[in-house]
Each structure stands twice: as structure tokens, then as C-alpha cells.
Amino acid sequence: MNKHQRGYTLIELMISLLLGLMLVSGFGSLFSQTQKSAAIQRSLSYMMEDGRYILEVLGRELRRTGSLRNKKTASGDPKVVFTADPADPADTNVLGSSISFSKGDYIKGEYNAAGFGAAADKPYNINRLALRYQLNNNAELASNILASINTACERSILLTAGEDPAIETHVVTLYFYVAVDSTNVPVLYCVANRRNFNDRTKDQTSAAEPLVSNVQKLLVTYGIDSDFVADGEVNYYVDASSVPVTVPDSVTTTVSGWQRVIATKLSVVLRSDDDNLTQSSVSYTIDGTTYTATDKRLYRVSPTTVAFRNKI
């Protein structure tokens, strides 16, 4: 044995141990940050996709709002012009809501400033929206391969064999709202109804269909064409509580404010499914109003404006 050979001293061992711990701690911290960053990017991706889907669904339905294949049938049947039908419960308390359609209405909404959440940032049901339009042909709700283009809400009200909107009167009513599910997660729901005025036994109504989860808010404002003679241009936007009962239609006559809605502004607020992704609660702004969350989730606002091509 070499008399000069010796082991590590206690100090050297302690220094080596300390360096090792620092290295492990560094790698652990890096791994944790990488995992959190991946979770944030994953949540942002999901929120972006969900926001795009919601705006696509609502946008497509809103662009069909008020559509009429023909204002009256050959026999002069006025029901095609969205006449309230006393025999049809979809015209009052539309599809389980407290919204009621009057003669000529094709869109209506509700605004609840207080909301239904326990905290100020949780007005889950702040807006509700109902709309209707007439089917143009059997390709719109066909019960064949074309049905794949319909939303989950509409797939329960597809046309049955023999139904043809080209010779029958079919009116579709849709109701969108946000509510919490059994696990207290806010979900965007839709209920759909299809009426066949030629054969009421073929009417179809869907159950409440969940479209997207973690929808914190659905805010809608309505563009009013308030000129004496409708010129197809929005004069101002208001929430549902401020839509005028009537607007001038001429010097001496008026028309329902809802029947002069020709566009909508939508703002959908989505939250991340995972909590504790941020160091502190985030804030987001919609139409000049700032909300602050009470949790540490991510929030994303997806806005859009939709003009009703059938009313311009």
C-alpha cells in the first residue's frame, strides 16, 4: 500500500454532498418549471380551440337568424313570418327559459347583471340567448352524411324521412346559456327545437346539450338599426336589458326594438381546467369592465361581431 494514498477528508465529502444536492435541486426545479410551463401551454391551447369552436357555432347560427325561405305560403299562411303560435310552448318561456317570442321576433336575450355565482367573477348565467330561423332546404338538417356539419345541439332535431322544407314550413329555435354542471363546472349548453307547421307530430326538441366546459361568461350585446327607415346599419349596441321596446319605423309608427337587431357582439370568457397555474389571480376586461378571478386559473376572452345577413 502506497503510504501517500489517502481518502477524502470530511470537508471534501461535505462539499461534494452540497454540490450534489444543489445539482439535484436545480434539476428538480427545472423539471417542475418545465412541467408547469407545459401545463400552461396545454391549457392555453385547449382554451383557444374551445373559444374558436364556440364562436364558430354561435356565429353560424347567428348568421342564419331571421332567415325566411318565403314570408308567406301560397295560401297566405302568416306562421312563416315567426308568428307566435299559442299551441306551441316554444314561443313562451322558450325551451325552458323565461324568454318569450312575440310575433315577428327572431332573436331575444336576457341580461342578468348580478349573475348566479357566489363571487363577483362568477356570473355564470349573465346572458341567455334565443334565436330562430326557417329552414331553406333538406340539406340543412339532413339525416344523412350531411348531418356531420350540424352541431351537437342540432343533431337531435334532424329531419325525418319525407320531410322537405322546400314544400313544408320548418322553424328552428335555439337557446344558448351557461350554467354549472353537477361538479360545479360552468358549461355552455344549447337546447334546440324544430317545428313542422304542416305536421306538428314531427316536431323535435333536444335535451340540454353541453357544448363546451369551463365557459366562465357569455356576454352578448345587440346592434340596433334605429333609423326611421331601416338602412341596414347599426346605430348603437346595447345589452338585452336596454334593447328598446320600440323604435321609430316612420314619423307616426314604431316597430319592436328586437326586430331591428341586425348584429351582435359576442364575448366568451374561458377558464383553464387546472387551477394554480398563476402566481396570483388574473384580471380580464370585457367591454370596458374589468373582472378579477378568485382562483389562480388562466382566463381567455374570445370576442367577435356577427352581422345578420338576412337583416341587412
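Of everything in region 234-248, what is among the β-branched types (Val, Ile, Thr) and either surrounded by 15 or more Cβ atoms within 10 Å (Cβ to Cβ) or in contact with a Cys (Cβ under 8 Å, 6 or more places away or on another chain) (or both)? Give them in sequence order. Selection gives Val234, Val238, Val243, Val247. Only residues that are more than 30 Å from Lys311 (Cβ to Cβ), in contact (Cβ under 8 Å) with a residue 60 or more places away in the chain and hydroxyl-bearing (Ser, Thr, Tyr) were counted in region 255-280, giving 1. For beta carbons closer than 9 Å, sequence separation of 6+ or different chains, a first residue in region 48-69 that is closer than 20 Å to Ser213 by Cβ and a second that is exposed (fewer than 15 other Cβ atoms within 10 Å of the Cβ), the qualifying pairs are Leu55/Pro303; Val57/Ala152.
Exactly one of (1) at positive phi; (2) within 21 Å of the chain's Cα centre (by Cα); (3) of a type outside the set (D, E, K, R) is unmet by Ser302. Its number? In the conditions (1) at positive phi; (2) within 21 Å of the chain's Cα centre (by Cα); (3) of a type outside the set (D, E, K, R), Ser302 misses (1) alone.
Taking region 223-233, which residues are buried (at least 20 other Cβ atoms within 10 Å of the Cβ) and either hydrophobic (A, V, I, L, M, F, W, C) or within 23 Å of Tyr53 (Cβ to Cβ) (or both)? So that I can check it myself, show each step before the final result.
Step one: list which residues in region 223-233 are buried (at least 20 other Cβ atoms within 10 Å of the Cβ), which gives 223-225.
Hit for region 223-233 is Ile224, nothing else.
Checking the stated criteria, Val187 turns out to be more than 18 Å from Ser67 (Cα to Cα) and either at pLDDT 90 or above or more than 25 Å from the chain's Cα centre (by Cα) (or both).
For residues that are among the hydroxyl-bearing types (Ser, Thr, Tyr) and farther than 25 Å from Ser302 by Cα, scanning just region 228-253, find the one that is nearest to the chain's Cα centre (by Cα).
Our first condition is that a residue be among the hydroxyl-bearing types (Ser, Thr, Tyr); within region 228-253, this holds for 236-237, 241-242, 246, 250, 252-253.
With farther than 25 Å from Ser302 by Cα added as a condition, the list becomes 246, 250, 252-253.
Numbers: Thr246: 27, Ser250: 35, Thr252: 39, Thr253: 35 Å.
In this case the residue turns out to be Thr246.
Residue pairs whose Cβ atoms lie under 8 Å apart, separated by 6 or more positions or on different chains, with the first residue in region 168-180 and over 12 Å from Ala208 (Cα atoms) and without any contact (Cβ under 8 Å) to a residue 40 or more places away in the chain and the second surrounded by fewer than 22 Cβ atoms within 10 Å (Cβ to Cβ) and of a type in the set (A, V, I, L, M, F, W, C), are Glu168/Phe197; His170/Phe197.
Cβ-Cβ distances below 7 Å connect the following pairs, each with a first residue in region 240-254 that is within 12 Å of Ile224 (Cβ to Cβ), a second residue that is assigned to a loop (DSSP other than H, G, I, E, B), and a separation of six or more residues or different chains: Val247/Ser226; Pro248/Phe228.
Screening region 154-167 for residues that are part of a loop (DSSP other than H, G, I, E, B), free of Cβ contacts under 8 Å to residues at least 60 places away in the same chain and not small (Gly, Ala, Ser) and picking the one that is surrounded by the most Cβ atoms within 10 Å (Cβ to Cβ) gives Leu159. The strands (runs of 3 or more DSSP E) located wholly in region 249-311 that include 1 or more residues which are surrounded by fewer than 16 Cβ atoms within 10 Å (Cβ to Cβ) occupy 254-256, 283-286, 289-292, 299-307. Checked against (1) within 19 Å of Ser67 (Cα to Cα); (2) under 23 Å from the mean Cα position of the chain (by Cα); (3) not polar (S, T, N, Q), Asp225 meets all criteria but (2). Only one of the numbered conditions (1) in contact with a strand residue (DSSP E or B) (Cβ under 9 Å, 6 or more places away or on another chain); (2) under 30 Å from Ile40 (Cα atoms) is violated by Gln279, and that is (1).
Yes/no matrix, rows are residues, columns are (1) modelled with pLDDT under 85; (2) farther than 26 Å from Leu218 by Cβ; (3) in a loop (DSSP other than H, G, I, E, B); (4) β-branched (Val, Ile, Thr):
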site: Asn70; (1), (2), (3), (4): yes, yes, yes, no
site: Thr83; (1), (2), (3), (4): yes, yes, yes, yes
site: Lys108; (1), (2), (3), (4): no, no, no, no
site: Tyr133; (1), (2), (3), (4): no, no, no, no
site: Ser143; (1), (2), (3), (4): yes, yes, yes, no
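In region 281-305, the residues that are farther than 14 Å from Val268 by Cα reach residues that are among the acidic types (Asp, Glu) and surrounded by 14 or more Cβ atoms within 10 Å (Cβ to Cβ) with C-beta atoms within less than 6 angstrom, at least six apart or across chains, in these pairs: Ala293/Asp121; Thr294/Asp121. Selection of region 200-245 for residues being out of contact with any Pro (no Cβ under 9 Å at 6 or more places or on another chain) and of a type in the set (S, T, N, Q) yields Thr201, Gln204, Thr205, Ser206, Thr221, Asn235, Ser241, Ser242.
The values are calculated or read from the model by the stated rules, or taken from the named source; none is laboratory data. Here the structure is a predicted model, which means the values were calculated and not measured. When we count neighbours, we look across all protein chains shown, and the Cβ atoms used for this are built from the backbone with ideal geometry, even at glycine.
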